[in-house]
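Accompanying notes for the structure given below.
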Amino acid sequence: MIVCLCANVSERELVATIAAGATTVKEVGRRCGAGTGCGACKPLIRECLSRCRAAAVQEATASVVAAVTV
């Protein structure tokens, strides 16, 4: 799915940009261009940032729990 029409950025590319270390909408824009045109995609970028953060926290928590129970 295309998230940013102005910069032709897909959801897959957005997730990869966030996984590579982008933590804000502005940083996502600098890295892949999403959100730097009309701005209509900024809510989607924020949502993706939140989902990726939540997934990272959940993954980290699972790793800690697994390490403690071993």
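The values are calculated or read from the model by the stated rules, or taken from the named source; none is laboratory data. Because the structure is predicted, anything quoted here is derived from the model rather than measured. Surface areas here come from the heavy atoms of the whole protein model, side chains and all, with no ligands, DNA or RNA. Shrake-Rupley method; radii C 1.70, N 1.55, O 1.52, S 1.80 Å.
Numerical summary
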item: Glu11 being open to solvent by 60 Å² or more (accessible area, probe 1.4 Å) and among the acidic types (Asp, Glu); result: no
item: Residues satisfying the stated conditions in the stretch 4-31, i.e. within 24 Å of Val57 (Cα to Cα), of a type in the set (A, V, I, L, M, F, W, C) and not in a loop (DSSP other than H, G, I, E, B); result: Leu14, Val15, Ala16, Ile18, Ala19, Val25, Val28
